[in-house]
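For reference, the structure is listed below as structure tokens.
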Amino acid sequence: EKSRIGVTGLAVMGANLARNMARRGFTVAVHNRTTAKTNQFIEDYGHEGAFTGAESLQDFVDALQVPRTIVVMVKAGKPVDAVIDELAPLLDQGDIIVDAGNSHFPDTDRRTAHCAELGLRFMGIGVSGGEEGALNGPSIMPGGDPAAYGEIADVLTAIAANIDGTPCCAHVGPGGAGHYVKMVHNGIEYADIQLIAEAYDLLAHVGGLSAPEIGTIFEQWNTGDLESFLIEITGIVLAKTDERTGGPLVDVITDQAEQKGTGRWTAIDALDLGVPLTGITEAVFARTLSALRDERRAASTTLAGPAPKPATDVDRLVEDVRQALYASKVVAYAQGFAQMRAASQANGWDLDLGAMARIWRGGCIIRAQFLNRITEAYESHPDLDNLLMVPYFTEAVGNAQDAWRRVVVTATEHGVAIPAFSSSLSYYDGYRRERGPANLIQGLRDYFGAHTYHRIDGDGAFHTRWSQDGAEVRTD
Ligand code: 6PG
């Protein structure tokens, strides 16, 4: 009997996806470039379902039902192109290649076009949830030809996480749309993590609390508005004792954050689209700054900070930080969703943003209670410009703003860097201003470059001969 689906690339994500499929009753052919890995997979997990281990790509292709569905789970970048190039000559017209890695969306667009020229169908699907999610139910963001999606939806919806009877998998849009949405998911993941790190920093350095004490606070936070996977695991990570030192494990982990690119791509795309994406972008920069460990060490004994401040009311600080975290998180999601909306318009994707929030409710790294609220917001206002403008979120940030402002002031007075908290608040304050200071920017641009400006009291573009006769001239 031929297999319903094939998975090539049996590192942990590919292996776990294949096992998830088999456990759901699908017949799965598995292949890895190194045959030893395929053999090991069959030895370890063969009993879990109907697997066929293939030594060569030809055997792998021959083991599959036609039209074939092949899931490629290899490192993003050149390895994906290499696998497509090797597979393509062995496939038949109409076969479907599914790239389930964290590919950059322009690559997915390019591969979709390339495969179409070869008569093959290509799908780029975002898969979130790490190893555990891949095995027990990830969030899946499939992009590509809707007809091709229709042919593999049975497998994808069966293996996805499920919340209240709804699978965390829905067709996102054509071409690179699935990988785009996964990219923004990861960007939001960066912002969430940065906000959590800033909260931890404040509670430790202003509140004087230890890692396990802060862990307990996160555990409590996880029972309220902030309830989410990342808040939950923060409690667990902060509570962990290091076996070597007997102290908290986080205290001996180096403070240099690494990154594989998805957050950076999100920020770059926001700049290209002209969308203010301050939370995610600050999170990327914060990781970059953290990586400058030697420079920071030198600066720590050279650059002055504020004079020590008296201890603060810790209970009040904890509650203020909780509220600031929630408000800043709302801003980060509002920005990320505004970016997806802009990308959808620019690319003609027609993204259903409410559905995106729905498929993120389970399985993925940013899964959280409050995503339900985002779905509701887009269900009642499909053309919403900004999530902050629906009553639920307007009220949430409005109620939190006093605490949010106190946190930014306190952190600044104590010399604790809070790029995500403070930039989110600045975005909020900038967004809610009817008239900001960009009039002066325009005046300056016109002075030095005759770049022209518009007037509030009429149409048209104007230039002032600032340094000559000072006269205003109409330029259009
Ligand atoms: C997920 C994660 C996953 C991965 C990130 C980590 O959704 O399951 O986002 O994709 O953990 O890519 O990214 P960095 O290594 O860049 O932090």
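The values are calculated or read from the model by the stated rules, or taken from the named source; none is laboratory data. Just so we're clear, the structure is a prediction, and the values are computed from it rather than from any experiment. Please note: Cβ atoms are built from the backbone with ideal geometry, for glycine as well, and neighbour counts cover all protein chains shown.
Between a residue in segment 238-250 that is within 16 Å of Ala204 (Cβ to Cβ) and any residue that is in a strand (DSSP E or B), which pairs come within a Cβ distance under 9 Å, given they are 6 or more apart or on different chains?
Here the result reads Leu238/Pro248; Ala239/Pro248; Lys240/Pro248; Gly247/Thr241; Pro248/Thr241; Leu249/Thr241, each pair linking segment 238-250 to a residue that is in a strand (DSSP E or B).
Going through segment 99-116 one residue at a time, which ones are polar (S, T, N, Q) and more than 16 Å from the ligand (Cβ to nearest atom)?
Thr112
Take Gly175 and tell me if it is more than 21 Å from His31 (Cα to Cα), out of contact with any strand residue (DSSP E or B) (no Cβ under 9 Å at 6 or more places or on another chain) and among the small types (Gly, Ala, Ser).
no
To keep it simple, each residue is scored yes or no on (1) without any contact (Cβ under 8 Å) to a residue 60 or more places away in the chain; (2) more than 16 Å from the ligand (Cβ to nearest atom); (3) under 22 Å from the mean Cα position of the chain (by Cα).
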{"position": "Asp92", "(1), (2), (3)": "yes, yes, no"}
{"position": "Ile97", "(1), (2), (3)": "yes, yes, no"}
{"position": "Leu118", "(1), (2), (3)": "yes, yes, no"}
{"position": "Ala134", "(1), (2), (3)": "no, no, yes"}
{"position": "Ile152", "(1), (2), (3)": "no, yes, no"}
{"position": "Cys168", "(1), (2), (3)": "no, no, yes"}
{"position": "His179", "(1), (2), (3)": "no, no, yes"}
{"position": "Tyr190", "(1), (2), (3)": "no, no, yes"}
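Can you tell me which of Gly263, Gly215 is within 16 Å of the ligand (Cβ to nearest atom), of a type outside the set (Val, Ile, Thr) and assigned to a helix (DSSP H, G or I)?
Being within 16 Å of the ligand (Cβ to nearest atom), of a type outside the set (Val, Ile, Thr) and assigned to a helix (DSSP H, G or I) holds for just one of Gly263, Gly215, which is Gly263.
Take Phe229 and decide whether it is out of contact with any helix residue (DSSP H, G or I) (no Cβ under 8 Å at 6 or more places or on another chain), surrounded by 16 or more Cβ atoms within 10 Å (Cβ to Cβ), within 27 Å of Ala334 (Cβ to Cβ) and touching a residue at least 12 places away in the same chain (Cβ under 8 Å).
Answer is yes for this residue.
Looking at Asn20, Asn39 in this structure, which one is more than 23 Å from Ile125 (Cα to Cα) and either part of a helix (DSSP H, G or I) or not assigned by TED's automatic domain parsing to the domain that holds Asn136 (or both)?
Asn39
May I ask you to say which residue of Val30, Val61, Val74, Val66 is farther than 25 Å from His104 by Cβ and under 31 Å from the mean Cα position of the chain (by Cα)?
Sole residue among the options that is farther than 25 Å from His104 by Cβ and under 31 Å from the mean Cα position of the chain (by Cα): Val30.
Mind listing just one residue for me: the one in segment 356-365 that is outside any helix (DSSP H, G or I) and hydrophobic (A, V, I, L, M, F, W, C) and, of those, nearest to Gly143 (Cα to Cα)?
Trp360
Filter segment 138-150 down to the residues that are in contact with a Gly (Cβ under 7 Å, 6 or more places away or on another chain) and away from the ligand (no atom under 14 Å from the Cβ), then identify the one that is farthest from Trp349 (Cα to Cα).
Pro142
If you check Ala161 against the conditions, is it more than 16 Å from the ligand (Cβ to nearest atom), within 20 Å of Gly362 (Cα to Cα) and either surrounded by 21 or more Cβ atoms within 10 Å (Cβ to Cβ) or assigned by TED's automatic domain parsing to the domain that holds Arg24 (or both)?
no
For residues that are under 23 Å from Ile233 (Cα atoms) and over 17 Å from the mean Cα position of the chain (by Cα), scanning just segment 250-287, find the one that is surrounded by the most Cβ atoms within 10 Å (Cβ to Cβ).
Out of the qualifying residues, it is Val250.
Going by the structure shown, is Asp201 outside the structural domain of Pro138 (by TED's automatic domain parsing), over 26 Å from Ser128 (Cβ atoms), part of a helix (DSSP H, G or I) and among the acidic types (Asp, Glu)?
Against the criterion (outside the structural domain of Pro138 (by TED's automatic domain parsing), over 26 Å from Ser128 (Cβ atoms), part of a helix (DSSP H, G or I) and among the acidic types (Asp, Glu)), Asp201 qualifies.
Hey, any hits in segment 390-405 for a residue that's surrounded by fewer than 21 Cβ atoms within 10 Å (Cβ to Cβ), assigned by TED's automatic domain parsing to the domain that holds Thr266 and touching a Ser or Thr at 6+ places or on another chain (Cβ under 7 Å)?
No; the residues of segment 390-405 include none that is surrounded by fewer than 21 Cβ atoms within 10 Å (Cβ to Cβ), assigned by TED's automatic domain parsing to the domain that holds Thr266 and touching a Ser or Thr at 6+ places or on another chain (Cβ under 7 Å).
Could you run through segment 311-360 and say how many residues are farther than 13 Å from Ala191 by Cβ, of a type outside the set (A, V, I, L, M) and touching a Ser or Thr at 6+ places or on another chain (Cβ under 8 Å)?
6
Has segment 172-180 got at least one residue that is surrounded by fewer than 19 Cβ atoms within 10 Å (Cβ to Cβ), in a helix (DSSP H, G or I) and either in contact with a helix residue (DSSP H, G or I) (Cβ under 7 Å, 6 or more places away or on another chain) or not assigned by TED's automatic domain parsing to the domain that holds Gln65 (or both)?
No, segment 172-180 contains no residue that is surrounded by fewer than 19 Cβ atoms within 10 Å (Cβ to Cβ), in a helix (DSSP H, G or I) and either in contact with a helix residue (DSSP H, G or I) (Cβ under 7 Å, 6 or more places away or on another chain) or not assigned by TED's automatic domain parsing to the domain that holds Gln65 (or both).
Working carefully through the options Pro138, Pro106, find the one that is in the same structural domain as Gln65 (by TED's automatic domain parsing), at pLDDT 95 or above and buried (at least 19 other Cβ atoms within 10 Å of the Cβ).
Among Pro138, Pro106, only Pro138 is in the same structural domain as Gln65 (by TED's automatic domain parsing), at pLDDT 95 or above and buried (at least 19 other Cβ atoms within 10 Å of the Cβ).
Search segment 307-355 for residues being hydroxyl-bearing (Ser, Thr, Tyr) and either free of Cβ contacts under 8 Å to residues at least 60 places away in the same chain or in a helix (DSSP H, G or I) (or both), and hand back the single one that is surrounded by the fewest Cβ atoms within 10 Å (Cβ to Cβ).
Ser344
Only one of these is basic (Lys, Arg), surrounded by fewer than 23 Cβ atoms within 10 Å (Cβ to Cβ) and under 20 Å from Gly129 (Cβ atoms): Arg33, Arg24, Arg4, Arg19. Name it.
Residue meeting the stated conditions: Arg24.
Identify, from the list Val66, Val71, the residue that is buried (at least 22 other Cβ atoms within 10 Å of the Cβ) and of a type in the set (Val, Ile, Thr).
Val71
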